[in-house]
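Novice: Got a structure for you, questions after.
No value in this document is a laboratory result; all are computed from the given coordinates. Being a predicted model, the structure only gives us computed values, none of them experimental. Backbone-built Cβ (ideal geometry, glycine too); neighbour counts: all protein chains shown.
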Amino acid sequence: MTTPLTSRRPRIEEYALIGDMQTAALVGLDGSIDWLCLPRFDAAAAFAGLLGTDEHGFWRIAPTVPTGAPAPWAARRRYRGETLIVESEWDTATGTVRVLDFMPPREGHAPQLIRIVEGVTGTVEMTSTLSPRFGYGQRLPWIFDESGRTAAVSGPDALWLDVPVFGADKNGAVQHRFTLTAGARVAFALSWQPSHAPAPEVPDAAAALAHTSAFWQEWVDQLVYDGPYREAVVRSLITLKALTHAPTGGIVAAPTTSLPEELGGVRNWDYRYVWLRDASVTLGALLRTGYREEAVAWRRWLLRTLGGDPENMQIMYRLDGRRDIPERELPWLPGHAESSPVRVGNGAVDQLQLDVPGEVIETLTLADEHGVARCESTESLILALVDYVRRHWREPDDGIWEVRGGRRHFTHSKIMCWLAADRAVRLARRGVLEADVHELERLRDEIHAEVCERAYDPVRNTFTQSYGSTELDASLLLLPGTGFLPADDPRVVGTVDAVRRELAPDGVLVHRYLTAGREVGMDGLPGGEGAFLLCSFWLVDALALTGRLDEAEKLFEELLTLRSDMGLLAEEYDPLTKQQVGNFPQAFSMLGLVESAVLLHERRKQAVPAGVAA
């Protein structure tokens with residue numbers, strides 16, 4: 001493959017997200033799309049340069065540079081208003097050019113990726129190099145022209161490129177060179193279609209741009225949040241919406257796989273699936289900000305997926321509810337920043353995580369409180385989940401973090417079992433659930449007594465990660481919000497302080513648990529990882545709930561500075577290299593931001609005396 005454009009691979013946070021709520025692409029500052037799975041989030045990537053090199057697939061549009069020179073990076077970029085349309089601008093010696101990148105929401109048409117190049121000032125020569133490599137960068141396509149269109153075909157996949165300027169195929173890459181003057185525009189439209197199907201319709205780029213902009217503006221207009229940090233909240237909510245799979249209602253944890261939690265490390269996992277926990281708490285953030293349609297769609301997904309058999313519940317599923325997610329490695333991909341192995345699928349699918357029923361019931365309870373219409377199937381599911389908790393809560397499990405170091409009696413899991421019973425009690429007392437309230441209360445009280453006896457360290461005044469352990473765990477920061485104990489209970493305050501002291505040495509960035517300085521951690525894996533960003537937002541919430549609102553607001557504002565220039569957050573942040581790590585963007589991190597903003601706004605309003613302006 002020959003191309004005049006080469007570049008350093010951008011860092012994780014130097015990418016911007018675009019998507020159509022069925023799949024997503026990552027666009028780098030160098031104008032290169034280095035990640036795109038087609039036709040949906042969990043399909044094989046056609047552009048996998050994110051996890052390797054240009055040889056593994058990319059599509060770059062940028063000002064032309066001499067052969068062998070690095071591709072120029074955009075001088076400015078932003079999302080166009082409150083949408084998922086990316087605007088990138090390059091300043092050159094001869095003029096300025098702008099590229100608009102977006103994926104129109106699908107309404108009966110093929111998946112489309114549209115890139116509109118606009119001349120802003122002067123005259124600029126541009127180069128587009130489209131180099132698809134199907135099967136996660138493994139397969140070189142057959143490229144040919146048909147009726148003025150360019151097709152790239154390999155096995156079951158076909159890409160169709162429509163552009164009004166002449167291009168050439170060179171060693172498996174389609175290259176276009178063209179010159180733009182101020183006010184001129186060239187639109188590139190890439191469509192995916194099964195290779196056996198007829199060619200898709202030629203997209204109307206201008207109409208698609210208008211439709212995409214209108215869709216996102218109309219969606220944002222449903223927002224009911226009226227507090228501070230609106231820009232950060234809106235960008236987070238748009239990102240969460242982009243991670244939903246519109247046809248099924250499932251919500252992926254992230255659109256990527258194997259972005260490392262430690263640069264050069266082995267903690268590289270595939271997050272392109274629907275975790276019951278992640279999807280549940282994502283729905284909580286959407287419900288609290290006015291979005292009920294997504295809750296209805298997810299509830300339908302949940303009922304279809306679990307059916308009448310919660311006993312065989314998995315922690316994660318494919319977008320359509322399928323259960324098979326075998327984990328394997330892709331040895332031909334060197335990994336982002338030489339971090340291998342690259343994995344697809346996720347072996348944690350078979351883990352036992354006893355906190356999941358609690359998160360699901362909590363979200364279904366929240367949906368009821370926010371006016372989502374009840375249904376008999378939901379009531380049956382809640383009762384089945386509570387029965388599951390009743391029969392299994394005494395067992396050790398793998399915990400919230402999917403550790404691979406053996407099962408334990410994790411404190412967070414037990415508390416969430418308590419929460420499942422507690423929320424069922426609430427629903428039964430409100431007449432929403434037909435159940436034996438006294439039996440539910442006995443279950444709740446039994447779990448509560450055991451946790452207080454076996455998970456609490458009276459010497460250190462803190463709950464611990466698991467029964468009999470001296471370790472701490474960031475999931476304990478959720479304690480103040482569960483109602484397990486009053487938020488001002490000394491045991492709760494002591495736990496929050498202990499976690500902050502031992503897992504957040506700088507007082508800001510919270511690690512899930514200790515890994516540093518250990519050859520193999522309690523999770524059964526070598527190496528370390530960055531600070532888990534969701535846990536830092538949990539600390540914000542815990543401080544606010546335990547009466548330290550000023551500290552919570554200060555911490556929240558510090559966390560906002562860690563966002564990328566596009567307002568996005570990965571799974572983790574490395575305090576040593578000062579960059580984001582892990583899959584990107586991560587639903588957990590983005591929803592944590594939303595939940596904290598909403599809580600802080602509510603708490604601040606409560607703290608202001610009546611008649612005094614906040």
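Novice: What FRET efficiency comes out for ARG76 versus LYS578 if R0 is 22 angstrom and r is the Cβ-Cβ distance? Round to the nearest 0.05.
Specialist: It comes to 0.50.
Novice: Once you charge only the Cβ atoms, +1 for Lys and Arg and -1 for Asp and Glu, what is the size of the charge dipole of the chain about its Cα centre, to the nearest 20 debye?
Specialist: Value, rounded to 20: 580 debye.
Novice: Right, another one. Taking R0 as 30 Å, what FRET efficiency do you get between ARG292 and HIS438 from their Cβ-Cβ distance, rounded to the nearest 0.05?
Specialist: After rounding, the FRET efficiency stands at 0.35.
Novice: Another question about this same structure. Taking a cut-off of 26 Å between Cα atoms, list the lysines near LYS605, but don't count ones fewer than 8 places away on the same chain.
Specialist: Answer for LYS605, where 26 Å is the Cα cut-off: LYS554, listed by chain and number.
Novice: If each of ARG394 and SER469 carries a label point 7 Å out from its Cα toward its Cβ, how far apart are those two points in nm?
Specialist: So the label points at ARG394 and SER469 sit 2.2 nm apart.
Novice: Summing -39500 (n - 2.57) over the DSSP H runs of n ≥ 4 in the chain and dividing by its residue number, what mean residue ellipticity at 222 nm do you reach, to the nearest 500 deg cm²/dmol?
Specialist: So the helix-based figure for the chain works out to -10000 deg cm²/dmol.
Novice: Now for a separate question. Full extension from PHE166 to VAL266: what is 0.36 nm times the residue separation minus their Cα-Cα distance, to one decimal in nm?
Specialist: Stretched fully, the PHE166-VAL266 segment lengthens by 31.6 nm.
Novice: If I fit a long axis through the Cα atoms of helix 276-288 and take the longest principal axis of the Cα atoms of the chain, what angle between them do I get, 0 to 90°, rounded to 10?
Specialist: 90
Novice: Same structure, new question: Which angle from 0 to 90°, rounded to the nearest 10, does the C-alpha axis of helix 411-429 make with the longest principal axis of the chain?
Specialist: Its long axis makes an angle of about 80 degrees.
Novice: Another question about this same structure. Given an 8 Å cut-off on Cα distances and at least 6 residues of separation, report the relative contact order of region 1-104 as a percent.
Specialist: Once divided by the residue count of region 1-104, the mean separation gives 24 percent.
Novice: Quick one: in the chain, what % of C-alpha pairs are over 42 Å apart?
Specialist: 24
Novice: In degrees from 0 to 90, rounded to the nearest 10, what is the angle of the helix 437-454 Cα long axis to the longest principal axis of the chain?
Specialist: Once rounded, one gets 90 degrees.
Novice: Stretch ALA246-ASP497 to full length: gain in nm at 0.36 nm per residue minus the Cα-Cα span?
Specialist: Gain on extension, ALA246 to ASP497, equals 86.2 nm.
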